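*Asks:* Can you keep this structure in mind? I'll have questions shortly.
Just so it is clear, none of the values below were taken in a lab; they were calculated from the coordinates. Predicted, not measured: the structure shown is a model, and the values here were computed from it. For neighbour counting, all protein chains shown are included, and Cβ atoms are generated from backbone atoms with ideal geometry for every residue, glycine included.
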Amino acid sequence: MTKDDGEMAEEEQKKKKKPCRFWIWALTSVIFRLILISFPGNLNLSSRPEVSTPLTSIRRLAEGYWLKQASMSPYAGSMYHGSPLLLSVLGPLTVQRIQGQSFLLCSLVFVIADILSAMLLRGIGKKLQMAYGLNARLLGHLKSSRDKGILRCGDIAALVYLWNPFTIVSCVGLSTSPIENLAVILALYGAVTRRVPLAAFGLVIATHLSLYPATLTIPIIFLLGYGLDAPPIKLFLQTKSVENEDRSTSSVSKQAKLKPTTGLPFLWKTVMHFVFWVLVWSLWLLVLCGLSLSKYGGLEEMFTRTYGFILSIEDLSPNIGVFWYFFAEVFDFFRNFFLIVFHVNILFLLLPLAIRLKHRPCFLAFIYLAICSILKSYPSVGDAALYLSLWALFVNELTDMKFSYFLFCGYLGISLLSPVMHNLWIWRGTGNANFYFGNAIGYACFQIVFVVESVSAMLNHDRALRKSDSNHREVKN
Amino acid sequence: MATTEQRDKEEQVDVKTDDGSPKIKSRPIVQLGIFLISHSPVFSVVFSAAGVLALLLLPLLAKNTYISENALMPGSARSMLSNRDVSDGSKLVNNIKNFRLNHEGQGVEVQRLIGKYMSEMGAEVYYQKFHPEGNQFHPLHFFSGPDSDTLLGNVSCASYGVNVAGIIRAPRGDGKESIVLVTPYDSINGGNYEALSLGIASSLFSLLARVTWLSKDIIWLVADSRYGDYRPVAAWLSEYHTPSFKASNLVKCDGVNTSDSFRRAGTMAAALVLKVDGRSERFEDTLSIYAEASNGQMPNLDLINVVNYLAVHREGFYVKVEKVVSLLSSSWLKIVGEIFEAVGKVAHKLNPDWNFSIPAADYLEGSATLASSLYSQALGIPTGPHGAFRDYQVDAITLKVSPRFPPDSKARQHDFFLRGAQLLEGTIRSVNNLLEKFHQSFFLYLLTSSSKFISVGVYMIAFALLVAPLPMVAASLYIDGCNAHTKSTHNPAENLKSWKWLGAAKQVFALHLLGFIVTLLPYIICQVPGQHSPTNRSIMWATTSSSLLLITSVTIPGCSPFSSRLHGTNWAVLKSVTISAAFIGLCLMSIINFATAEIGALLLVPMCLIVRPLRTDLRSGRVKSLLRALCSMVLVTIGFPVMFFAISRGLTGKGLVGLSLGGEFWTWLESLWAWKSATYLYIGMVHLPCWLLCLCILFSPS
């Protein structure tokens, strides 16, 4: 955390001077990863519960691949719970040994995934920055067309992603979360750049890999239907009406003819196009999975062993989430009830947030991902890496976010405390499970504060726009 | 601890809510937070003083130990030790003495003799060869748990040790649990006293070989202490838990045949290390208990309780725990003790239920023991071979017995063996009763005498009070710094009000990174070819570190103490971030090793709190400011690790100056990292960066 924000600060100061700074920092981060990859035994990150979960651990993937090679179902033995396609892609790489290091090729794949994610984030950021500048000009806050004073959120987000210790750790620690993150970012990129098939592809793959990105369907539909993030539509209507009043004395202009509508047009055609592509890609995916698992129980086996495993929380080994402790304690006959209660939590939050933030679909996607990362059954720091970098896309809007320093210290303290507590419990034997779980609760609290503060800062930003807009009008009148 | 931290942080939040946002009627907890922060100077003085006072009060708050696990039932069974067992032990000791008189310098033969005795008693015997050098510094192996350091490469037959171990299989057990008894013995130059420990152990072993109540296997390890006590035990444990499947070169060396004979007896429930040394100064036989393992870890308190109970109430030993002797004669501590005693008496008069008064002499004794306990925990170096067991989660203590007779007095020897073996028998019988591993009693405690302890819930209060000012002052400085900065710049484009701290965080991060590199430097310096004295190595270290500091301060302006301008940040924000970093570091350290954190906090907290730019203080010319400047100068001087080391050496009467100090310091640090002490990491990665940052603040322009 220190690092990433340190670098961010650096970047914020330098970004105006030269764009090539970005490439230097990006390259450095790649080199840093490569250096870390060359000490696999010493760091031993892949066995940390914070980094690799039962879903993302590469060791389990290698085990699944081995089982498959031995003509058994990859899901036999309850070791592997990931996608069969990932097995076909990464599996052959796990058996290649280069200079005695078993997972070197896989780590290289993860580094490439990280670079691609960063580039896509940069693309999203550029679009968002343009939209921000455009909106600001339309509302009359920004006179010049030079976009002066707007932070390059794409570069910042990409660097936050590349230099975030969480990303680095999950990349070097051989968890498959870089690939899951890449799929999510790909879906968002497709939606932002209005490449409908790409968005559908990313969404389907991300959902297939880790289920929770299914919630992103709503923001992506908003993105395709309403367009990019913008201030609430009322503001534009007010501005227009002001302009119309100004011009009413003169001859009838084109704009006056436009009747003030109560909402933006929703592009049903694009959305239907998107739904069609989602169906096409899902069918394609199911066929591929079915083919690869045809001998081992087929799709039914896949659904029970992947989605079923995620939803029924079978593995109670400790992680940074809050579910394992609770479900280790709960009585068996209440288990199903509490499973429903815990999972419905996410669903309950979807609709109110969608209504409140429908004018900012990208931000909505960020909030959904952050909430999923809190309420996930097997969370890891890779999820935090994803939503933190998406958050950096909104630096322009969130400049007045409160508690930034407090949150920073909290994330830093928790992420340092977690290995210590784990050591105390598992290795020294002087602590117990409550120590580690207490840390997990602290982490969840900080994430909640982070989400709440982000949302309220965004709403405050909108409110401030409205206020300044009305002031603007009064002055004009 | 996490909750305290959180609460402190909450206060920080609450105050930040207040600043800037529209005026809303705030909740009482928010008001409390605001009140604390707005009066932070007063509260920080009060809390720090209370922290120090609580530390001094700790000997008063110590509770009597009690046996928490009911299954232990110490002393409930009558001892079955017979005179025949004791005479077996005496025979072994005599044989060894005679053997050593006849054969000079034949190391392995003594082990063979012991092995023969063991197998005659009906034990499974095997020998293990080990290589004496094991402690190598590797920066990344700090917390990775016990590793099987397989330095099988160039192992010569010139120097190796041979451990003998015998296992008695329990008649009522299933071979899955065991109790370990260790007697370190140096067969070449061990004194006569050392052989007595073998006598006690063999008396006991002879008994245990025929009893029917054993349900855990007994392992008797005679560790070859030619190369120190710790190493043979560590080598044996490492082989026991993580066998190396590569054949070691040592097997080929002549002497005893050790290949394929290593035997195991399941998980260890407890381990006792027995040593006999020196003559007791007192009238009774003395038993000293050593419990501190690496990084301040302690064995379960129940184990100490059982031994203490049996030794005091059954065998009549004088039991003691190590103490700092120089404190016993210190006058200021005596005065403090007398004050506490007087206050306690007054309180007792006011309310007869208040019984916290203890005599000043007891207080003195307790604080000397507490100081020693704190010191050995803070160093993180185990105080005996029992430390090796703790790395494998086995509870172990070292018992050092000093008899009151000269070593060759035959008549007293019998009685001594009897009592020693009865003590061990009782302890083993108690541990034998256990159904689970030790878990009932405390793991986190400090001893003030062998029968008094301070639990984690009490001593954490002292620490929490000491560090409580840090988040308060950080919050108040943060608010001040932000407000000052907003006033000075009215450029709306730069008005990132909530992100002011990023510049300061960058600086703090850079210096912590520097601290990390400086911490790793000794590893590289040790790789430099050629033989170098510790003094030379310390000079190398100092020059590289300072040149690194120079490079950092050139590349990142603001990181050097002597830069003319601070880059965009004012000192208040920098100090706030520094204090937060110190707070996080201290809280983390208090969980890893409490004693280090407590001592570190005593140094770091006043330094971080008081430090302010020197120039403003000097320019103002008021007495108060000058006094503060003086105080901060003194604290910063003491806070430098080398300086603190020199001062503490000077206090213990070994004053050092100049280059020899560097050499001494290097040797000290080398011992820390060789034992994987987290204190070394703390010094390099928390204390040193915070000290540098304090220096930056001290010399920054206002």
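*Asks:* Just to confirm a number: summing +1 for Lys and Arg and -1 for Asp and Glu over residues other than B:I697 whose beta-carbon lies under 10 angstrom from that of B:I697, what do you get?
*Replies:* On the way: positive: B:K575, B:R612; negative: none.
Combined, the nearby Lys, Arg, Asp and Glu give +2.
*Asks:* Let me know the charge dipole size of the protein assembly as shown about its Cα centre in debye, to the nearest 20, where only the beta-carbon of Lys, Arg (+1) and Asp, Glu (-1) is charged.
*Replies:* Using Cβ point charges on Lys, Arg, Asp and Glu, the protein assembly as shown gives about 3620 debye.
*Asks:* When the helices in the protein assembly as shown are scored as -39500 (n - 2.57) per DSSP H run of 4 or longer and the sum is shared across all residues, what 222 nm value do you end up with, to the nearest 500 deg cm²/dmol?
*Replies:* -20000 deg cm²/dmol
*Asks:* Rank by packing, highest mean first: peptides A:77-86, B:374-383, with packing defined as the count of other Cβ atoms within 10 Å averaged across residues.
*Replies:* B:374-383, A:77-86
*Asks:* Mind listing the phi-derived Karplus ³J(HN,Hα) values for the range B:663-668, rounded to whole Hz, using 6.51, -1.76 and 1.60 with θ = phi - 60°, and x for any glycine or proline?
*Replies:* 3J(HN,Hα) across the range B:663-668, in whole Hz: x, 4, 4, 4, 4, 4.
*Asks:* To one decimal place, what Kirkwood hydrodynamic radius in Å is obtained for the range B:362-442 from all pairs of distinct Cα atoms?
*Replies:* Evaluated over the range B:362-442, this radius sits at 16.1 Å.
*Asks:* Here is a further query. Based on a Kirkwood Rh over C-alpha pairs, give the Stokes-Einstein translational diffusion coefficient of the range B:602-689 at 25 °C and viscosity 0.890 mPa s in µm²/s.
*Replies:* Taking Rh from Cα pairs, D becomes 166 µm²/s.
*Asks:* Can I ask one more? Could you tell me how many cubic angstrom of Cα convex hull volume chain A has per residue?
*Replies:* Hull volume over Cα atoms, normalised by residue count, gives 154 Å³.
*Asks:* Placing +1 on the Cβ of each Lys and Arg and -1 on the Cβ of each Asp and Glu in the protein assembly as shown, which of B:G166, A:F450, B:P529 has its Cα farthest towards the positive end of the resulting dipole?
*Replies:* Selected residue: A:F450.
*Asks:* What dipole magnitude, in Debye to the nearest 20, does the range B:326-380 give about its Cα centre under +1 on Lys/Arg Cβ and -1 on Asp/Glu Cβ?
*Replies:* Charge dipole of the range B:326-380: 80 debye, to the nearest 20.
*Asks:* Counting only residues 5 or more places away or on other chains, whose amide H sits under 5 Å from the amide H of B:A223 once H atoms are built in the peptide plane?
*Replies:* B:T183, B:Y185
*Asks:* Among B:G344, A:V111, B:V110, whose Cα sits farthest toward the positive end of the charge dipole of the protein assembly as shown (+1 at Cβ of Lys/Arg, -1 at Cβ of Asp/Glu, about the Cα centre)?
*Replies:* It is A:V111.
*Asks:* Next question, about the same structure. Just want the answer: with Cβ charges of +1 for Lys and Arg and -1 for Asp and Glu, which residue in B:S677, B:I556, B:G662 is farthest toward the dipole's positive end in the protein assembly as shown?
*Replies:* Of the listed residues, the answer is B:I556.
*Asks:* To continue, here is another question. Just tell me how shielded A:396-406 is by partners: mean number of partner chain Cβ atoms within 10 Å of each residue's Cβ, no decimals.
*Replies:* On the way: counts 0, 0, 2, 5, 6, 4, 8, 6, 8, 18, 11.
Taking all residues of A:396-406 together, the mean is 6.
*Asks:* So if we plug the beta-carbon distance of B:R78 and B:R412 into 1/(1 + (r/R0)^6) with R0 = 35 Å, what FRET efficiency do we get, rounded to 0.05?
*Replies:* The calculated FRET efficiency here is 0.90.
*Asks:* Quote to one decimal, in nm, the extra length available between B:I551 and B:K437 on full extension: 0.36 nm per residue of separation minus the C-alpha distance between them.
*Replies:* 35.7 nm
*Asks:* So, one more: Looking at the range B:326-380, what % of the alpha carbon pairs are farther apart than 16 Å?
*Replies:* 49 percent
*Asks:* Can you give the average number of partner chain beta-carbon atoms within 10 Å of each beta-carbon in peptide A:417-430, as a whole number? Numbers along the way, then the final one.
*Replies:* On the way: counts 7, 0, 2, 7, 2, 1, 5, 5, 0, 2, 7, 11, 11, 9.
Averaged over the peptide's residues, the number is 5.
*Asks:* Follow-up. Please give, to one decimal in nm, the separation of the simple spin-label points placed at B:S38 and B:R619, each 7 Å out from Cα toward the Cβ.
*Replies:* Here the modelled spin labels are 2.9 nm apart.
*Asks:* Same structure, new question: Based only on Cα atoms, what mean projected area does the convex hull of the range B:261-310 have, in nm²?
*Replies:* 6.1 nm²
*Asks:* Also, I was wondering about something else. Which cross-chain or sequence-distant (5 or more) residues have an amide H under 5 Å from the amide H of B:K320, H modelled 1.01 Å from N in plane?
*Replies:* Here B:L287, B:S288, B:I289 satisfy the definition.
*Asks:* So, R0 is 25 Å and r is the distance between the beta-carbons of B:L328 and B:D277; what FRET efficiency does that work out to, to 0.05?
*Replies:* For B:L328 and B:D277, the calculated efficiency is 0.70.
*Asks:* If you don't mind, another one. How many nm separate the modelled label positions at A:F338 and B:E338, each set 7 Å beyond the Cα in the direction of the Cβ?
*Replies:* A separation of 6.1 nm, rounded to one decimal place.
*Asks:* Considering only C-alpha atoms, what is the centroid distance from the range B:271-325 to the range B:383-428, in Å?
*Replies:* Going from one Cα centre to the other spans 9 Å.
*Asks:* Rounded to whole Hz and in sequence order, give me ³J(HN,Hα) for the range A:266-276 from the Karplus expression 6.51 cos²θ - 1.76 cosθ + 1.60, θ = phi - 60°, writing x for Gly and Pro.
*Replies:* Residue by residue, the range A:266-276 yields 8, 7, 4, 5, 4, 5, 5, 4, 4, 4, 4 Hz.
*Asks:* Kindly rank A:164-170, A:213-219 from highest to lowest mean number of other beta carbons found within 10 Å of each residue.
*Replies:* A:164-170, A:213-219
*Asks:* Quick check: net charge around B:V306, other residues with Cβ under 10 Å of its Cβ, Lys/Arg +1 and Asp/Glu -1?
*Replies:* Working: positive: B:R429; negative: B:E69, B:D302.
Overall, the nearby charge balance is -1.
*Asks:* While we're on this one: Just the Kirkwood number for the range A:331-421, please: inverse of mean 1/r across all distinct Cα pairs, in Å, one decimal.
*Replies:* Hydrodynamic radius (Kirkwood, Cα only) of the range A:331-421 equals 15.4 Å.
*Asks:* Shifting gears a bit: Relative to the longest principal Cα axis of chain A, at what angle does helix A:217-226 sit, 0 to 90 degrees, rounded to 10?
*Replies:* Helix A:217-226 sits at roughly 20 degrees to that axis.
*Asks:* Could I ask something else about it? Using Stokes-Einstein with the Kirkwood hydrodynamic radius over Cα pairs, what translational diffusion coefficient do you get for the range A:265-334 at 37 °C and a viscosity of 0.692 mPa s, in µm²/s rounded to a whole number?
*Replies:* Translational diffusion coefficient: 211 µm²/s.
*Asks:* Nearest 10 degrees, 0 to 90: what angle lies between the long axis of helix A:381-391 and the longest principal axis of chain A (Cα atoms)?
*Replies:* Around 10 degrees separate the two axes.
*Asks:* If packing is taken as the average number of other Cβ atoms within 10 Å across a peptide's residues, how do B:577-589, A:63-75, A:47-59 rank, most packed first?
*Replies:* Ranked from most to least packed, the peptides come out as B:577-589, A:47-59, A:63-75.
*Asks:* What is the gain in length, in nm to one decimal, between A:L283 and A:R356 on full extension, counting 0.36 nm per residue of separation less the C-alpha to C-alpha distance? Walk me through the intermediate numbers first.
*Replies:* Values: separation 73, 0.36 × 73 = 26.28 nm, distance 3.31 nm.
In short, 23.0 nm is gained.
*Asks:* Considering the Cα positions of the protein assembly as shown, please state its Rg to one decimal place and its Dmax as a whole number of Å.
*Replies:* Rg, Dmax (Cα atoms, Å): 34.3, 127.
*Asks:* Check which residues have an amide H placed less than 5 Å from B:T65's amide H, if you skip close sequence neighbours.
*Replies:* Counting only residues 5 or more places away or on other chains, the set is B:K452, B:F453.
*Asks:* Hey, what do the phi angles of the range A:122-134 turn into as Karplus ³J(HN,Hα) couplings, whole Hz, using 6.51/-1.76/1.60 and θ = phi - 60°, x for Gly and Pro?
*Replies:* With the stated coefficients, the range A:122-134 comes to 5, x, 4, x, 4, 4, 5, 5, 4, 4, 4, x, 4 Hz.
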